[in-house]
Amino acid sequence: MSLFWIVIRELAEIEAMAASKKVITREEWEKKLNDVRIRKEDMNKLVMNFLVTEGYVEAAEKFRKESGTDPDIDLATITDRMAVKKAVQAGNVEDAIEKVNDLNPEILDTNPQLFFHLQQQRLIELIRNGKVEEALEFAQEELAPRGEENQSFLEELEKTVALLAFEDVSNCPIGELLDVSQRLKTASEVNAAILTSQSHEKDPKLPSLLKMLLWAQNQLGEKAVYPRINDLSTATLEDPAV
Amino acid sequence: MEEASLSLSLSTTTNTNTNDLIATYYLQQWRLKSKSSAAKFESMGFPEPQFLTQIDEDEEDDKEELPTELDTLNSSGGFSIVGPDKLSVRYPSVNLHGHDVGVVQANRPAPSKRLVYYFEMYVENAGAKGQVAIGFTTPGFRLRRQPGWESNSYGYHGDNGLLYRGQGKGETFGPVYSTGDTVGGGINYASQELFFTKNGAVVGAVFKDVKGPLFPTVAVHSQHEVVNVNFGKKPFVFDLKAYEAQERAKQNSTIEKLSIPQNASYGIVRSYLQHYGYEDTLKTFDFESRSTLPPISFVQENGFTEDMNTYSLNQRKVLRQLIRSGQIGDAIGKLKEWFPQIVQDGASAICFLLHCQNFIELVRVGKLEEAVLYGRTEFEKFYKLGDYADLVKDCAALLAYELPQKSSVGYLLGDSQREIIADAVNAMVLSTNPSVKDSRECLHSRLDRLLRQLSACFLEKRSLNGDQGEGFHLHRILNSGRKG
């Protein structure tokens, strides 16, 4: 063992002792890692869960064939869901609403906020395309009644209609409503509502597990000094910094 | 350890040692499966095949003994009479003073390798003075004093609703309880608290100072008092599952607030598909990702890493396909054609794995005679190596049963056995890449390493915490959230 590493090791121990933390060497830690049993089938399930929840239908189908993993939901429903999402992302809100109702009419019935946001998006698209009269009519007939029922809806409605007041919409303070990110937000909301209606969790499990890793490492770090994975993209162990 | 690292560094020219390292790892995986299958078979008799997968799940639950009944070995010397079912206690006489309490502990201390432990007590008869109590005490507790009256013990008393925890005086805590009430005592290892319930509702909690084992304890102290205990054989009045779910949700909301690099998951999934050779999925995944919104701003891995991961991707895909469909002979043929160095040594561990699988495939389709002949030619060379005798025995045992899939070696006929061989071959091919410095890199995908680190951290944290709290249970996490 080179002198350099001996010194590093001693410094780590001194630091650990000062904080009364247990020191776990690379060797000891690797042995603990080796003792962990992670089943291939479970990892496959995690990957399938990611593909399915994020909507990679074709990839999920191929993965089913290549790995023999069962997707936990019917892949056909993913196609329908992704069609809705894409419609919203492209600004075809009417089309999206029709598709959602075809899929499950209860979704919009039981989700007034989602329905309002979809209608709001429709209004935004009309304004974007310069159809001022149609926009106003739509706002008054479809959205105003909703606004009366709910204070926050009313505020949103007023904000959206205010877009009409600006000459140069791209530079006005509420211009963000016209940004594609607004479409993405609405699309995400619809996606989540569909997943929930299908009794499926709306988020894939993998990101939560990554966060859990960070959390667990920090928790252990309060009591011990040990090799950590600091870069999720390489997943390599790094010896404790001194 | 020194020797192993020396031989690894010399092996750039001859690959035999590193080859064996990889194949040996998978042999060990096989061995673990064999042992656990045999063990569970013994304990469960002859379970139907579908239970064999359940068996793996149970393995994850840390084995701890649970309290099941009241202890009758240590007694309060006549001040408590435990019923024949060992789940009820009554006070036999008239109490005279504070040292004739009838206290009974459970037969075992509360298990600690979990989130929460809980038990309940039903007051059948509060007797003359309703001086019943529920709580936790340490081993060696003086069983003539109410739980809580001595240090290192806790007791929620029915006559005054106070909580005693070794201070002499009780503290205001919860409501009084009497005949017909069900009270419960629990330990929450996450928050390090003891909590008590009455008729299904939590009445209060206190910090748990005692770090060692704690026995669930009940006590009676006046004439005609009778209490019944429930250690879980019957459903609880308190919704324990909901409480546990609540605790987990609290923890999860803290965790969710952490941030991870955008597209971290995307990168890990992609790397996983590359590592194990799922070529078709990878191509489709890449294609579908191009049309997603928001656009994936994925930092392409540097050329070197990308090369490592896509090395022989197509060949690895083909090999996996062949093995997964049981065409071992064809797989060996392809290996001889593409990577002869892997199967050069006929007595190597990887050849052993392949030949065993071939044998298993013959048995699967009922070609028993052919299997026997095959076994006789191939297994002989491995017996000489000695190490693999137990696994050879497992394979040979398949011949002994009319319905081998229902036997203790039935696991060999499952998909997961083929998976082990497929993964072993995959790792071996990855290791033939001249840029690979340490063949151990080929064993685990990034996802695998991350999950191992996660599990190891949980286990170490628990161990440093006096072995209290949950471990990391991937299986449970995968199956949670099923609302249907």
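Ranking A:108, A:198, A:135 by Cα position along the charge dipole of region A:73-203, where only Lys, Arg, Asp and Glu carry charges on their C-beta atoms, puts A:198 farthest toward the positive end. The ranking of A:103, B:354 by Cβ neighbour count inside 10 Å, starting from the fewest, reads A:103, B:354.
Please determine, in degrees from 0 to 90 and to the nearest 10, the orientation of helix B:279-290 with respect to the longest principal axis defined by the Cα atoms of chain B, where the helix direction is its Cα long axis. With rounding to tens, the tilt is 70 degrees. Using equal-weight Cα scatterers in the Debye expression, the normalised intensity of chain A in log10 at q = 0.09, 0.16 Å⁻¹ is -0.63, -1.09. Taking every alpha-carbon pair within chain B, the share separated by more than 34 Å comes to 54 percent.
Shielding value for A:67-73 is 3, the average number of Cβ atoms from other chains within 10 Å of each residue's Cβ.
Against chain B, whose longest principal axis is taken from its Cα atoms, helix B:349-364 shows a tilt of about 80°. Considering only A:32, A:159, A:211, the Gaussian network model of chain A with Cα springs below 10 Å gives its largest mean-square fluctuation to A:32.
The residues A:160, B:137, B:72, when put in order of fewest to most other Cβ atoms within 10 Å, stand as B:72, A:160, B:137. As I understand it, the dipole of the protein assembly as shown uses +1 on the Cβ of Lys and Arg and -1 on the Cβ of Asp and Glu, about the Cα centre. Which of B:116, B:391, B:245 lies farthest toward its positive end? Comparing the listed Cα positions along the dipole, B:391 ranks first.
The ranking of B:291, B:348 from fewest to most other beta carbons within 10 Å of each one's beta carbon is B:291, B:348.
Shielding value for B:458-470 is 3, the average number of Cβ atoms from other chains within 10 Å of each residue's Cβ. Considered as an equivalent ellipsoid built on the Cα gyration tensor, region B:182-293 has semi-axes of 51, 16, 14 Å, the largest given first. Peptide packing: for B:359-371, B:406-418, the average count of neighbouring Cβ atoms within 10 Å per residue gives the ranking B:406-418, B:359-371, highest mean first.
Note on the protein assembly as shown: the C-alpha convex hull projects to 41.6 nm² when averaged across all orientations. Compared with the dominant principal axis of the Cα atoms in chain B, helix B:16-44 is inclined by about 40°.
By the compact-protein rule of thumb, 2.2 N^0.38 Å, the alpha-carbon radius of gyration of region B:70-232 corresponds to a ratio of 0.91. Look at where the Cα atoms of region B:124-200 and of region B:417-474 average out, and the two centres are 46 Å apart. Bridge orientation summary for the protein assembly as shown: considering DSSP beta bridges with both residues in this region, about 95 percent are antiparallel. Can you pull the mean other chain C-beta count within 10 Å for peptide A:183-191? If you average over the peptide's residues, the count of other-chain Cβ atoms is 1.
Taken together, the values in this text are just the output of simple stated rules run on the coordinates, not laboratory data. This one's a predicted model, so the numbers in the text were calculated from it and none came from an experiment. Counting neighbours? That spans all protein chains shown, and the Cβs are built from the backbone with ideal geometry, glycine included.
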